[in-house]
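Novice: Pasting in a structure now, in structure tokens, and then I'll have a few things to ask.
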Amino acid sequence: DQQVKQNSPSLSVQEGRISILNCDYTNSMFDYFLWYKKYPAEGPTFLISISSIKDKNEDGRFTVFLNKSAKHLSLHIVPSQPGDSAVYFCAAKKAAGNKLTFGGGTRVLVKP
Amino acid sequence: GAVVSQHPSWVICKSGTSVKIECRSLDFQATTMFWYRQFPKQSLMLMATSNEGSKATYEQGVEKDKFLINHASLTLSTLTVTSAHPEDSSFYICSAREIYTDTQYFGPGTRLTVL
């Protein structure tokens with residue numbers, strides 16, 4: 001049972017435009033959400049996170065939106081840059097414990 | 001800051017041998033470290049949670065006698081794949097939880113190939 005899903009396996013976007021990555025979850029016990037970026041043969045790099053008490057968190061070009069009622073979050077990258085080309089994973093955590101549950105990832109390709 | 005290293009970065013071994021992978025938090029202390037496994041084009045799957053000074057907690061379906069975890073200090077956890085077989089070939093990634101921010105920082109991963 002996949003509790004965190006990223007339904008788009010890949011995304012292609014032109015440089016300078018917005019990249020929107022989506023993530024859905026099923027477990028209402030999740031209360032903290034994170035986005036990681038991963039290059040091939042490397043470990044994930046933390047990008048941005050959001051607590052369930054918020055609906056938006058912004059850090060530079062990255063903004064994460066959370067819709068608790070829909071159990072949906074999204075990551076916006078604007079403007080997209082070629083260096084943003086990577087696989088992006090969303091992850092969720094419950095209040096109790098430190099275990100992260102990852103989505104399947106979305107491969108982003110930013111075309112110059 | 002918040003750098004996690006893994007050693008080795010890649011290893012090739014013969015079937016039946018054991019392989020040890022080290023995970024170190026270089027500039028912070030981590031009472032909790034995590035070991036993940038990633039198959040090609042798939043997500044990261046948590047194998048076990050490693051707690052400093054106590055036994056690791058394994059996820060369902062992960063053989064604790066095959067994947068030995070030791071977390072002897074606040075900056076080092078090791079994963080030993082015992083009697084490795086070709087199906088153990090995978091990308092193993094560790095993460096360390098920074099105590100004060102509660103953020104997990106990931107190592108660069110170790111590519112294991114069992115012949």
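Read-outs throughout are calculated quantities, based only on the coordinates presented, and are distinct from any laboratory measurement. It should be emphasised that the depicted structure is a prediction, and the values quoted were computed from it without experimental measurement. Using ideal geometry, Cβ is built from the backbone for each residue, glycine included, and neighbour counts are taken over all protein chains shown.
Novice: Quantify how strongly other chains surround peptide B:96-106 by giving the mean number of their Cβ atoms within 10 Å of each of its Cβ atoms.
Specialist: 3
Novice: What number comes out for the charge environment of A:Gly104, summing +1 per Lys or Arg and -1 per Asp or Glu over other residues with Cβ under 13 Å away?
Specialist: +3
Novice: Considering Cα pairs under 8 angstrom that are at least six residues apart, work out the relative contact order of chain A and quote it in whole percent.
Specialist: Dividing the mean separation by the residue count of chain A yields 37 percent.
Novice: Express the relative contact order of chain B as a whole percentage, based on alpha carbon pairs under 8 Å and six or more residues apart in sequence.
Specialist: 37 percent
Novice: Test of understanding: extend the Cα→C-beta vector of B:Lys41 to 7 Å, then name every residue of the stretch A:10-26 with backbone N under 18 Å from that spot.
Specialist: A:10-12
Novice: Highest first, please rank the peptides A:36-46, A:99-109 by the mean number of other Cβ atoms sitting within 10 Å of their residues.
Specialist: For the peptides A:36-46, A:99-109, the packing ranking is A:99-109, A:36-46.
Novice: If we count every other residue with Cβ under 11 angstrom of B:Ala96's Cβ, Lys/Arg +1 and Asp/Glu -1, where does the sum land?
Specialist: Local charge sum for B:Ala96: -1.
Novice: On to the next question. Suppose we keep just the alpha-carbon trace of chain B; what are its Rg and Dmax in angstrom?
Specialist: For chain B, the Cα-based Rg and Dmax read 13.3, 42 Å.
Novice: Name the cysteines of the protein assembly as shown that stand alone by the Cβ rule: no other cysteine Cβ under 4.7 angstrom.
Specialist: For the protein assembly as shown, the answer is B:Cys13, because their Cβ atoms have no other cysteine Cβ under 4.7 Å.
Novice: Sticking with this one: Would you tally the net charge around B:Gln29, using a Cβ to Cβ cut-off of less than 12 Å, leaving B:Gln29 out, and scoring K and R as +1, D and E as -1?
Specialist: Around B:Gln29, the charge tally is -1.
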